Amino acid sequence: MSYHFGRGWAKLIPYLLLLPGLFFYFLISFGPSMATAFYSFTDATGIRGAPVRWIGFDNYREFLFMGRASLDNLDALKRTLIFSFVVTTVQFTLGLIVALIVNQKLRFSNIFRTIYFMPVILGVVIQGLMWSLFLFPIGGPVAKLLALFGLRSEFLGGQPAEAFAWVIFIQIWANLGVTMMIFIAGLQTIPSELYEAARIDGANTWQVFTNVTWPLLTPSVNTNLLLNTIGSLQAWQLFLVLLGYRNGTQVLGYLIYATGFGQTSGSVTTSFRQGYAAAASIVLFLLVLVIGMTLQQYLQRREKRILG
Amino acid sequence: MSTPSSDNFPVRRIRWGVIGSYAVMIFFALLYLGPLLMLVNTSLKTMPSFMKDATSLATELHFENFREAWTKANFPRYLLNSVIYTFSATTIYILAAVFVAFPIARGYVKYSGVILTLFVIALFLPPALIPQFQLILNLGLYNNPIGYVMLFLVNPIGIVILVNYIKTIPRELDEAAALDGCGYARFVWTIVMPLIRPAIATVIVLHAIGIWNELIAPTIYLTSKEYYPITRGLIVFQGVYGSNWPTLAAAVLMLTLPMLILFLFLQRYIVSGLTAGSVKG
């Protein structure tokens with residue numbers, strides 16, 4: 001790693017020029033992330049200059065073990081896990097199927113690929129408003145389609161469980177393109193000779209998939225599973241656009257935001273309880289950490305077994 | 001293998017596969033284009049015709065929805081804000097990022113491996129939401145465009161993408177340039193930057209889309225309407241015109257179309273950014 005651009009003091013120039021980027025990172029991202037742990041033990045509010053007192057584990061105790069509110073919190077936690085599990089498994093499976101189909105290089109398949117990827121660039125606001133309109137309950141397209149089968153739905157305005165299910169659906173719709181693209185990138189690294197060899201050996205389509213495609217796709221499988229799991233555990237912005245802070249639909253990410261920055265839900269307005277929200281952040285962080293690490297361990301062992 | 005039926009069989013099976021593939025692709029395409037078409041159709045209707053039948057095709061084209069949305073929603077202002085935030089934060093970020101990524105990739109700074117790891121683990125750290133707010137508040141930058149832009153000067157994934165790309169550029173280049181008397185800063189600025197243009201484009205596009213589409217930060221940090229970016233503006237507009245779908249649809253569409261056009265040109269960079277590093281694991 002010899003440095004060619006001068007000696008002595010000149011060797012410090014790279015450090016000097018690296019500083020701004022590193023400084024921003026520590027100031028805005030890394031530092032605040034770490035400080036979340038500190039704030040979780042305080043009664044910080046969102047008011048400038050208000051005293052911040054150390055209150056030990058009170059926030060955690062209240063979050064987990066105090067009456068009605070903590071039951072709601074545990075419900076939100078359970079809902080976060082359900083959301084993450086359903087989104088990850090469905091998005092993973094559909095993403096793989098769509099990638100395999102699009103990757104056949106049929107005519108127009110590039111156009112289809114572009115169409116599926118489209119929502120990724122539009123962002124949650126447009127994604128959410130688009131679907132609010134598409135799910136218009138009075139004579140909207142989906143409502144009409146359901147009516148053909150004699151079904152009715154209030155969609156996003158319906159029962160909490162139903163509204164929640166629609167958010168899951170839209171979340172998958174919005175991010176399927178990323179999963180698909182990662183799989184396609186993986187599929188394109190598999191040498192075509194392997195497929196030909198398998199065919200010559202008399203393997204059928206399913207055997208080719210299980211013996212060639214699936215094992216060689218391991219890196220993309222790992223990336224997708226990890227990204228989807230971690231991403232969906234932390235995702236909540238579509239809830240904000242589609243439902244607002246509605247009882248029976250909250251996930252942890254939204255709960256953190258709502259308790260930290262005040263949020264009106266029906267007649268209940270929460271105040272700026274930032275210490276409490278920080279404690280909820282740490283709970284979510286631990287959830288992500290435990291699930292992410294376990295998954296990572298498993299995927300690494302599996303990769304070793306398959307790819308040697 | 002020589003009987004006619006088994007000779008025909010593979011041909012027919014492949015055909016079915018193709019038809020099935022198109023059926024699946026078209027089904028999914030409808031799922032993706034449907035909401036977009038509904039948006040277009042609704043934006044061209046009047047409110048009474050929408051209430052009468054939400055899905056009927058617009059028979060007359062009512063472009064006044066667009067005019068109404070454009071003027072009433074204060075869109076020009078919000079759009080300008082979004083452009084300013086996105087442009088300034090992305091420019092500062094990318095300049096700083098190249099000078100972080102280059103010495104790390106080359107090992108020109110001590111502990112470059114450790115520094116890179118610091119950026120990589122950012123994905124797994126606790127949400128920074130609360131302390132970030134306390135920081136901005138105590139710096140007196142709440143409801144201040146400068147404070148808002150500051151939030152977007154960080155993007156760890158971009159650093160990783162740049163480092164990986166810079167590693168593919170031969171080291172001999174550094175030596176040769178140094179022998180010719182080229183200084184470090186000038187080398188990075190005039191020689192490295194042009195060489196890593198594809199990676200820079202990818203990172204810029206990823207970062208800019210993130211800022212453009214951001215909804216939470218403006219909701220938390222900007223209270224004055226004159227500072228709102230377009231995302232927040234749209235949500236506020238929805239709050240006021242939520243039941244007037246033709247106007248709201250026109251507003252949403254006016255923001256969707258430019259993004260879609262841009263997307264068609266930039267797709268390559270977005271895809272390479274999102275799939276970066278995924279193949280190697």
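Values in this text are rule-based calculations from the coordinates and carry no lab data. Keep in mind that what you see is a predicted model, and the values were worked out from it rather than measured. Cβ sites come from the backbone with ideal geometry, for glycine too, and all protein chains shown count toward neighbours.
Quick rundown of the values:
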| item | result |
| --- | --- |
| Förster radius 45 Å - calculated FRET efficiency between A:I138 and A:I82 (Cβ-Cβ, nearest 0.05) | 0.95 |
| C-alpha center-to-center spacing [the stretch A:45-61, the stretch B:31-55] in angstrom | 49 Å |
| Proxy reagent accessibility, fewest Cβ within 10 Å first, across B:F237, A:F23 | A:F23, B:F237 |
| FRET efficiency, B:A178 to A:Q296 (Cβ-Cβ, R0 51 Å, nearest 0.05) | 0.80 |
| A:F65 versus B:T46: modelled label distance in nm, points set 7 Å from Cα along the beta carbon direction | 6.6 nm |
| Signed unit charges on C-beta, dipole axis of the protein assembly as shown, positive-most listed residue B:I84, A:Q104, B:Q134 | A:Q104 |
| Computed magnitude of the charge dipole of the stretch A:36-99 (debye, nearest 20; Cβ of K, R +1, Cβ of D, E -1) | 60 debye |
| Inter-probe distance in nm under a simple model that places probes 7 Å from Cα toward Cβ, at B:K167 and A:K304 | 2.2 nm |
| Percent of C-alpha pairs per 5 Å bin, the stretch A:65-223, short to long | 1, 8, 13, 14, 15, 14, 11, 9, 7, 4, 2, 1, 0, 0 |
| Whole-Hz ³J(HN,Hα) from phi, Karplus 6.51 cos²θ - 1.76 cosθ + 1.60, for the stretch B:260-268, glycine and proline x | 5, 5, 4, 4, 4, 7, 9, 3, 3 |
| The stretch A:1-153 shape via C-alpha gyration tensor axes, a/c threshold 1.5 | oblate |
| Extended-chain gain in nm, criterion 0.36 nm per residue less alpha-carbon gap, B:T117 and B:I191 | 24.0 nm |
| Point-charge dipole on Cβ atoms (K/R +1, D/E -1) for the stretch A:1-126, about Cα centre, debye to 20 | 540 debye |
| Calculated on alpha-carbon atoms, Rg and Dmax of chain B in Å | 25.3, 84 |
| For the stretch A:158-213, alpha-carbon Rg and Dmax in angstrom | 18.3, 55 |
| Förster radius 25 Å - calculated FRET efficiency between A:L148 and B:V240, Cβ distance, rounded to 0.05 | 0.15 |
| Alpha carbon convex hull of the protein assembly as shown, projected area averaged over orientations, nm² | 33.1 nm² |
| Inter-probe distance in nm under a simple model that places probes 7 Å from Cα toward Cβ, at A:T205 and B:K110 | 6.1 nm |
| Kirkwood hydrodynamic radius (C-alpha pairs) into Stokes-Einstein, chain A, 20 °C and 1.002 mPa s, D in µm²/s | 93 µm²/s |
| Unit charges on C-beta of K, R, D, E only; dipole of the protein assembly as shown, Debye | 380 debye |
| Cα centroid of the stretch B:99-169 to Cα centroid of the stretch A:63-125, whole Å | 27 Å |
| Fraction of the pair-distance distribution of the stretch A:1-51 above 12 Å, Cα-Cα pairs, percent | 75 percent |
| Packing-based exposure ordering (other Cβ within 10 Å, fewest first) of B:W212, A:W206 | A:W206, B:W212 |
| Listed pairs A:K105/A:K144; A:K78/A:K105; B:K52/B:K72; A:K11/B:K167 exceeding 30 Å between Cα atoms | A:K105/A:K144; A:K78/A:K105 |
| Value of [θ]222 nm, deg cm²/dmol, for chain B, DSSP H segments ≥ 4, -39500 (n - 2.57) each, nearest 500 | -23000 deg cm²/dmol |
| Extreme residue, positive dipole direction of the protein assembly as shown, given options A:F85, A:L17, B:A58 (C-beta unit charges) | A:L17 |
| Helix-only CD estimate at 222 nm, as mean residue ellipticity for chain A, using -39500 (n - 2.57) per DSSP H run (n ≥ 4) | -22000 deg cm²/dmol |
| Amide N of the stretch B:93-112 lying under 17 Å from the label point, which is placed 7 angstrom from the Cα of A:L12 along Cα→Cβ | B:109-110 |
